[in-house]
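Engineer: Would you mind keeping the following structure in view while I ask a few things?
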Amino acid sequence: MLNIILGGAPGSGKGTISELISKEYGLEHLSTGDVLRAEIKSGSALGQEIGDLISKGNLVPDAKMIDLLEHFLDGLAPDCKGVIFDGFPRTLQQAKALTEMLARRNMDAVMMDLFAEEQVIIDRLINRGKKSGRADDNLETIKKRLSVYHAETQPVSAYYVGEHKYFYINSNINPDYTFAQIQTIVKLLN
Ligand code: ADP
């Protein structure tokens, strides 16, 4: 199995690159942001709660996210070739929980961490907001999301460095260049 955790700030290219990876290697793509947005769209009480958090640039509580992951992993087909985790883990607690959840299923994962300059990220997200209409792609919320990323999510990178499961990816240039780096690493892992 090839299980890849795609790290990186909002706007670093996780969604775009996940699509390319999942096509090339036939992996399941779990985007926690997409799952949460579907819950919001359903109009459930939980969706409303989540919608308030996301539109302000805050994270959804760890316990809810870990439950969501447990549920997702339970639903994987036995012949699944692997998973791209896009948007999870976003905190150290989520990272440790993921290690345990995977170990219980005889699985593990490596992190590929996408890096782009802050101004590149802001430009990408503002542009995306014009097309997607996402409630959190406005300058004020983007800045909040970036500060949450630095405070809560960056420690996750150090965690995977410590686990010797960490790869740095330059995501400043374009999707092809980003994807080429990932293909090289996947070859080396096999
Ligand atoms: P981006 O990477 O552009 O911020 P996502 O679609 O991955 O977009 O996430 C959108 C929002 O969904 C996040 O800002 C956060 O509020 C929520 N979210 C997604 N994944 C998680 C997670 N693992 N833990 C907590 N909140 C999450």
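Engineer: Can you tell me which residue within region 45-67, out of those that are modelled with pLDDT under 95 and touching a Ser or Thr at 6+ places or on another chain (Cβ under 8 Å), is nearest to ASN3 (Cα to Cα)?
Structural biologist: GLY57
Engineer: Okay, moving on. If we scan region 103-112, do we find a residue that is over 24 Å from ILE21 (Cα atoms), within 13 Å of the ligand (Cβ to nearest atom) and of a type outside the set (Asp, Glu)?
Structural biologist: no
Engineer: If you don't mind, there's one more thing I want to ask. Of the residues that sit in region 25-37 and are more than 11 Å from the ligand (Cβ to nearest atom) and at negative phi, which one is nearest to the chain's Cα centre (by Cα)?
Structural biologist: HIS29
Engineer: Tell me the strands (runs of 3 or more DSSP E) entirely within region 1-97 that contain at least 1 residues that are acidic (Asp, Glu) and surrounded by fewer than 18 Cβ atoms within 10 Å (Cβ to Cβ).
Structural biologist: Per the criteria, 28-31.
Engineer: Further question on the same structure: Considering only region 98-111, state which residues are of a type in the set (Gly, Ala, Ser) and part of a loop (DSSP other than H, G, I, E, B).
Structural biologist: Passing the criteria: only ALA109.
Engineer: May I pose another question? For region 74-102, which positions are more than 13 Å from ILE4 (Cβ to Cβ), of a type in the set (Gly, Ala, Ser) and away from the ligand (no atom under 16 Å from the Cβ)?
Structural biologist: GLY75, ALA77
Engineer: Among the listed residues SER55, SER42, SER22, identify the single one that is more than 8 Å from the ligand (Cβ to nearest atom), touching a helix residue (DSSP H, G or I) at 6+ places or on another chain (Cβ under 8 Å) and among the small types (Gly, Ala, Ser).
Structural biologist: SER55
The values are calculated or read from the model by the stated rules, or taken from the named source; none is laboratory data. These numbers come from a predicted model, not from an experiment. Don't worry about glycine lacking a Cβ; one is built from the backbone with ideal geometry, like all the others, and counts go over all protein chains shown.
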